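Quick notes on the structure that follows.
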Amino acid sequence: MTRDIHKVLIANRGVPAVRIMHTCRDRKIGTTAVYSTPDRLAHHVFMADTAVHIGEAPPVESYLNMDRIIDAARSSGSDAVHPGWGFLAENHVFARKVIDAGLVWIGPSPEVISMMGDKIEAKALAIKAHVPTIPGISNVTNIDQIRTWMEQEQVSFPVMIKASAGGGGKGMLKVERDDQLGQALSQVRSESKKSFGDETVLVEKYIERGRHIEVQIVADSQGNVVHLYERECTLQRRNQKIIEEAPSPSLDEGLRQEICYTATRLMREIGYTTAGTVEFIFDAPTKKFYFLEVNTRLQVEHGITELITGLDIVGIMLDVAMGRPLPFKQSDIHPNRWALEVRLNAEDPKNFSPSFGKITRLQVPMGPGVRVASGVYEGADIPPYYDSLFMLLITAGADREDAIRAMDRSLSRNLRIEGVKTLAPLLLSIIRHPSFISGEFSTRFIEEHMDELISMFRDESSEDEALKVARYVAEISALGPQTWM
Amino acid sequence: MDTMKRGTAPTDFVRPGMTPKEIVAAVRSLQGVCFTNVGMRDAGQSDFKNRHRIYDLKTLAPYYNNMGLFSAECHGGARWHVGIMNRRETPFEEVAILRELMPNVLLQTLIRETNLFGYRPYPRNIIEYVVANVDIDVWRCFSFLNDVRNMRSVAEVVLKRGRLFEPTISFTSADWTTNEYYLSVVRDIVDLCSGTDEIVLCIKDMAGVGDIRRIASLVDAIKQKYPDLVLQYHRHITDGLAMPALLAAAQAGAKIFDVQEDSLVRFYGHSPILSVQAYFEESGIPVHLVRSEAEKAVQKVREWIGHYEWAESPFKGFDHTVTRHKMPGGAFPSSFEQAEKGEFLHLMPSILKVMSLYNRIVKYFDVTPGSQITWVTCSGIVNRYAKERGDAGVRHIIDLIERFVEEKAQDLRAMTEAEQQELLTLLRNAPGDFKNMLLGNYGRLPMGWPDEWVYRSTFGDEWEKKMSERKELSPLDSLGNEDIGGPRQELTEHIGRVPTGEEFILYLMHPKDALSMIEFRDKFGEAPLVLPTDVWRNGLRKAGDRVDFELRGKPYTIELVSVGAEYEGIIHVVMRVNNKTRVYSVDTPRAKKVEIRMAKGPQDIGAPINGNIWRIGNPERGAIRAGDIVHKGEEIANLEAMKMENAIIASFEGQISEVCVKLNDTVQEGQLLFVIEKT
């Protein structure tokens, strides 16, 4: 059964909203933006054909407010909803509400979301599909359970506490010592309750110096499941990825095929449709990989897969939602580029403290091999209520060295952001670090090398220095000669 | 230039890189005399409050490079401090710029023996550290007490580095400053420097008080005793009689003379370079000078000197009474500046009168820090009487001191009981430096300790104890080495980064002003170095005004579009910076300051990152209020930032004495959240 989509409401903001609108525009499909009060003048609002105000700043009143969003879809004449990533992207209740309202849900079925959203159930399914998993314990409500399990399974610290409903690095905490267990458990439960409305948690053995590898899957409702190869997302800070690349520099061809087919098998097993990702933790010394979770949504880092395969994953999601079969077979997919993505978060690069405010100047890198996905424009505000990600910078080249070179050029010469602090200096330090260049790093690379990375920051640029002089001229022009002179 | 020898490089008979011995030999063999150009230091210090910016001074450097000078004084004295405090440029930057633009010229500094470029005696290790890190060729070093012992550390390091040491005798006219006295000082110097082959000796007449016969006699006496000693004469022009004095010194055998551009000459600095050259030549003394270059420099000054009118002393004209009050050229403008700011300009004649009496009571030389001690002490006395008893009071105290000094020869018993009582409290409010000097903390006074009544007047009941504490040692010997890591750590903490070696030296000399300078430069970058003086001082004044400059090899233009009206203490300035329009909000002094308290002390709990306080307390015990007892490790608040929770933990057992935020407040990193009293 196929159906047409004429207008898509994007239940999101910033980078994902703008990204989805780009493809809709390519496909001549209308778009509806939703916005909270502080986002009234945000970039995605003006990218869209129509825009609807859905509430106040706190996410629960706006971007998590399902009824308001569905009302907005109806009132704006939209016939489909794309959730982007974050907010309601992996909320099966919302997916169900959208479908029940007679709208097309651009994503996997509510049943699959629900199944995979529960980490405990997902793990059970993975075991059933013969996918290796990390030793762990489910439905944890007190620390004695953790202690008993650790004793029985001879697991030692550190361990990872995860919200069963969590994802995207939120609602998880690494615990190093026994006396931190209580505080950590209650924090994960509280965060989980607040972000996901559910406080069930699981605890797993923590794989030291693991690497984070995920496989992009696309599937249609005719039962075709195709993988678009893997991405390496090992470089994280506070469990959130900040640099991703495709392909992974840590896999050889045999392992690559094995991990990609394992992911495809699992997704076929659970009857997955549309775009999704299977995440693994890879233990490089033993060459073993373990199932982590399935992300039932478009991912932040999908762009690097698009660059190495030449496909438009958002376009595929639209096609699948319209009931069309995938236009390619597995044997048609031939990645022939290397792509690298860095996340420009509005944060202090020295301590990750959020830096919100107005982007007073924005100069975006251009030049060969560069793709920019921006959620902002010059003059836009970055409000304190939402995610700090405001721009993705992606470069591609014939090989890894090429992609790194283009990224270095983009970060060091052509990018200029004033008004908020960004991770750019840290990202530049990382891609210039010998360990990154040689591909030798783990999920703990950033925490282990932070001081060294900070020492590699360039202190000043001639443009920054000229602006300091201009600031002086402005002050004296306004105030006249000063007594200290 | 018939006096110049023809050769490969006729102008630079001396140049950087020559050994002290080679330099001294070159000057000795010079036919005639040569000049130190003080246009880049003492000229500005004497008449323009040291405000001449390197931006303007460097325009003279290409001419200096070909002028055939002995040296260019461009460093030291008060220029150092004023650079940090007012011009916001460092002496290190200045030297680097000048080295590049005039590589043939010896760069000269003025240094205050143990006080270096600051205002307190430094221990030996700091002196050695600083002198070793300043790239100067000629080190003119003086002591306001002529205590040659104090010069030893500077001399040793300068000689070790192969640079020229120029020991200096402070000169004044008084009944006790005889040739015999000076010869004893010169003997100490020659002993310290192991002879006369590697030094130039300077006579520093910083007030401009040496009359013509007096200076001829002194130079002659020194030359009689030390025929090979190269003499330099540094003479201010305040009394109006400088040029004949220079000629007299030249005729008596002095070799090097301090001069400055004619167009920089006002009233308290040095003689005009072109005039001195003409006067000497006419009198039969050849001068080693490329006059055409000197003329160009004189002309160049006229292009920018108009920007400094505001910095000139309000007290205009020569002042022959300087021979009595002896205020040095360098102190004139700054003293008048202080008098103007303190609104006691009308008291200046009285203060100068008191100074002329004071310098007969305590005998030393009115040059830094002595001149400051004299100024603060005397202006303090006059101001106190003016405040308490008006003009009549000022007349009374001058009359009292005058009778005591001039008629009674400081014999306290010759005064009435009431007058004795008054004199014995006269110095009670004297500055700390005055007291330090009386105790010998700066070194030995040239004529020995002052009379007993001075101690009684200064220290009151403690006078006997204080007299017994007087030191005979040089501060070099009495001060123990200071740990240099301490202040370095202090500075690192203040500025939140590792300071450069140069920033550290600025901090050692002038801690408070160095911090303010570093903060200024962190904010405004190289503005002091690249902006023309008019823009530096006044900004851009009307729409369309622009300033062009180069920074690190790239061109920049700033054009003013508009300056808005003040609203709630803020003025908006619109400018085009390299064609891009930018809007600046400038806080006026009336701007409302939103004060954010930061966590500082050990009892303060601060925010770890920027975010929202969404919970005060914790789920188990509920909200936390002032007065509550909290336990070590207990969560006392939670801060959310970009959807991540951050627990605020009590780091010790204690009682909450203040909750400094409200629920749902947005807080900055480091902002004070709680004060906890340890229990």
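A few comments on the model shown:
- Modelled spin-label separation between B:LYS542 and A:GLU208, with each label point placed 7 Å from Cα along the Cα-to-Cβ direction: 7.5 nm.
- Principal semi-axes in Å for segment A:135-205 [√(5λ), Cα gyration tensor, largest first]: 19, 11, 10
- In terms of other Cβ atoms within 10 Å, A:SER248, B:SER313, A:SER438 run from fewest to most in the order A:SER438, B:SER313, A:SER248.
- Rg/Rh, computed from the Cα trace of segment B:3-92 with Rh as the Kirkwood radius, has the value 1.04.
- Cα radius of gyration and Dmax for segment A:194-343 (Å): 15.4, 44
- Cα-based radius of gyration of segment B:44-157 once divided by 2.2 N^0.38 Å, which approximates compact folds: 1.07
- Computed magnitude of the charge dipole of the protein assembly as shown (debye, nearest 20; Cβ of K, R +1, Cβ of D, E -1): 1260
- In angstrom, the C-alpha Rg and Dmax of chain A are 22.8, 80.
- Relative to the Cα centre, the charge distribution of segment B:539-593, modelled as +1 at Lys and Arg Cβ and -1 at Asp and Glu Cβ, gives a dipole magnitude of about 120 debye.
- When shorter helices are ignored and each DSSP H run of at least 4 residues is given -39500 (n - 2.57), the per-residue value for the protein assembly as shown at 222 nm works out to -10500 deg cm²/dmol.
- Geometric extent, Cα atoms of segment B:75-221 - Rg, Dmax (angstrom): 16.0, 47
- Residues B:PHE344, A:PHE457 in ascending order of nearby Cβ atoms (within 10 Å, fewest first): A:PHE457, B:PHE344.
- For segment B:372-521: Kirkwood Rh in Å [reciprocal of mean 1/r, alpha carbons]: 18.7
- Kirkwood hydrodynamic radius over Cα pairs of segment B:604-678, then Stokes diffusion coefficient at 20 °C and 1.002 mPa s, in µm²/s: 180
- Partner aspartates and glutamates whose Cα lies under 18 Å from the Cα of B:LYS632, excluding those fewer than 8 positions away in the same chain, are identified as A:ASP178, A:ASP179, B:ASP604, B:GLU620, B:GLU653, B:GLU658, B:GLU677.
- Contact order for chain A, expressed relative to its length and based on alpha carbon pairs under 8 Å spaced 6+ residues apart, stands at 14 percent.
- Restricting attention to the protein assembly as shown, close to 70% of DSSP beta bridges with both partner residues there are antiparallel.
- With all pairs of different C-alpha atoms in the average, the Kirkwood value for the hydrodynamic radius of segment A:1-123 is 14.4 Å.
- For segment B:100-175, taking the reciprocal of the average inverse distance between every pair of different Cα atoms yields a Kirkwood hydrodynamic radius of 13.0 Å.
- Charge dipole of segment B:604-678 about the Cα centre (unit charges at C-beta), most positive-ward option of B:ALA650, B:ILE616, B:PHE674: B:ILE616
- Pair-distance distribution P(r) for segment B:539-593, from all Cα-Cα distances in 5 Å bins starting at 0: 5, 20, 23, 20, 15, 10, 5, 2 percent.
- Stokes-Einstein translational diffusion, chain B - Kirkwood Rh over all Cα pairs, 1.567 mPa s, 4 °C, in µm²/s: 46
- Cross-link reach list, lysines versus A:LYS7, counting only Cα pairs under 28 Å and skipping chain neighbours closer than eight places: A:LYS28, A:LYS97
- Unsatisfied cross-links (Cα-Cα over 30 Å) in the set A:LYS128/A:LYS170; A:LYS421/B:LYS592; B:LYS204/B:LYS465; B:LYS316/B:LYS387; B:LYS512/B:LYS678: B:LYS204/B:LYS465; B:LYS512/B:LYS678
- Positive-end residue, segment B:238-376 charge dipole about Cα centroid, Cβ charges, pick of B:PHE318, B:GLN260, B:PRO272: B:PHE318
- Percent of C-alpha pairs per 10 Å bin in the protein assembly as shown, short distances first: 2, 8, 14, 16, 14, 12, 10, 9, 8, 5, 2, 0, 0.
- For the peptides A:398-408, B:655-665, the ranking by mean Cβ contacts within 10 Å, running from highest to lowest, is A:398-408, B:655-665.
- Dipole axis of chain B (+1 Lys, Arg; -1 Asp, Glu on Cβ), positive-most option in B:ALA626, B:ALA386, B:GLN299: B:GLN299
- In this calculation the C-beta distance from B:ARG576 to A:GLU56 is compared with R0 = 56 Å, giving a FRET efficiency of 0.90.
- Burial ranking of peptide ranges A:326-334, B:139-147, B:609-617, A:86-94 (average Cβ count within 10 Å, highest at the top): B:139-147, A:86-94, B:609-617, A:326-334
- Peptide B:644-654 has a mean shielding of 3, counted as Cβ atoms of other protein chains within 10 Å of each residue's Cβ.
- Only Lys, Arg (+1) and Asp, Glu (-1) charged, at Cβ; segment B:391-485 dipole about Cα centre in debye: 100
- Average beta-carbon neighbours from other chains, 10 Å sphere, peptide B:668-678: 1
- Taking a quarter of the surface of the Cα convex hull of segment B:358-454 gives a mean projected area of 6.1 nm².
- Evaluating 6.51 cos²θ - 1.76 cosθ + 1.60 at θ = phi - 60° for every residue in segment A:200-213, the Karplus couplings come out as 6, 10, 10, 10, 10, 4, 8, 7, 5, 6, x, 10, 9, 10 Hz, glycine and proline recorded as x.
- Residue exposure sequence - A:ILE20, B:ILE381 - by fewest surrounding Cβ within 10 Å: B:ILE381, A:ILE20
- Computed E for B:VAL594/A:TRP484 - FRET, C-beta separation, R0 22 angstrom, nearest 0.05: 0.40
- Inter-chain Cβ neighbour count for A:344-356, averaged per residue, equals 3 (cutoff 10 Å, partner chain atoms only).
- Quarter of the Cα convex hull surface for segment A:211-462, i.e. its orientation-mean projected area (nm²): 13.9
Every read-out reported here was derived from the displayed coordinates using simple, explicitly stated rules and does not represent laboratory data. All of these numbers come straight from a predicted model, not from anything done at the bench. When we count neighbours, we look across all protein chains shown, and the Cβ atoms used for this are built from the backbone with ideal geometry, even at glycine.
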